[in-house]
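Before any comments, here is the structure.
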Amino acid sequence: MINRARILDAAARVYAKHGFRGATTRLIAIEAGVNEVTLFRTFGSKAALMHAVLTAQSTQGSTPILPETPVDPVKELTTFVDGILHKLREVRPLLAHAMSEFDERPDAADFARCGRTATQQQLHQYVRRLPALAHTEPADVDTAVTMLSSTIMGDVMGRPMMPDSYPPIEEAAGRYVRAFLRILGVPAVTAAPARLSRTRTA
């Protein structure tokens with residue numbers, strides 16, 4: 001029996017290296033240790049295979065979750081942002097190709113934006129539950145959330161090219177969160193660690 005997961009993993013590696021056009025079925029078949037006929041029998045087409053790859057990557061691994069009731073905004077948001085940064089760094093090559101193909105491939109566009117959309121929704125729901133924001137105009141929250149999610153994406157995509165433009169990687173999440181809370185006017189009551197080790201979330 002053909003291992004579908006093995007083909008998906010192989011296709012993800014080839015796509016991350018070559019993009020959609022360069023990820024030929026021949027290269028994917030070689031990487032997976034199967035023949036091209038098997039690929040078409042299993043997925044129907046190259047486009048369907050790539051769609052399956054992007055869908056699998058979108059749902060793979062743990063997703064950071066913010067608590068329903070804010071208790072320690074600095075700690076909770078720092079842990080969340082650190083988890084998002086780590087997850088995005090893992091899929092950065094796929095994400096880079098998906099973003100470059102945004103205009104021509106809807107499935108690539110969906111993959112490129114789905115994580116950011118989910119992150120923004122969580123952040124917006126969380127900060128609106130902070131007592132300090134009870135009387136803040138929604139537009140202020142929207143703008144701040146957009147700025148933080150843009151900063152996260154900018155870090156992931158830009159750090160390899162301009163490492164000196166970003167905070168040290170182990171401090172990034174905490175520094176982004178403190179700036180975010182200052183923009184919102186939320187006092188940082190508790191002190192987050194200066195350095196945060198890689199966080200795994202369920």
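Can you give me the distance in nm between label points at Arg4 and His124, each placed 7 Å from the Cα along the Cα-to-Cβ direction?
3.3 nm
Can you tell me the convex hull volume per residue for the range 1-131, based on C-alpha atoms, in Å³ to the nearest whole number?
Convex hull volume per residue, Cα atoms: 111 Å³.
Which residues' amide hydrogens lie under 5 Å from the amide hydrogen of Arg129, considering only partners 5 or more residues apart or on another chain, with H built in the peptide plane?
Residues meeting the amide H criterion: none.
Using the heavy atoms of the protein chains and a 1.4 angstrom probe, tell me the accessible area per residue for the range 1-51 in square angstrom.
58 Å²
Quote the charge dipole size of the range 1-110 about the Cα centre in Debye, to the nearest 20; the model charges only the Cβ of Lys and Arg (+1) and of Asp and Glu (-1).
For the range 1-110, the charge dipole is close to 560 debye.
The values are calculated or read from the model by the stated rules, or taken from the named source; none is laboratory data. Predicted, not measured: the structure shown is a model, and the values here were computed from it. Every residue, glycine among them, receives a Cβ derived from its backbone with ideal geometry; neighbour counts consider all protein chains shown. For accessibility, only protein heavy atoms count, side chains too; no ligands or nucleic acids. Shrake-Rupley method; radii C 1.70, N 1.55, O 1.52, S 1.80 Å.
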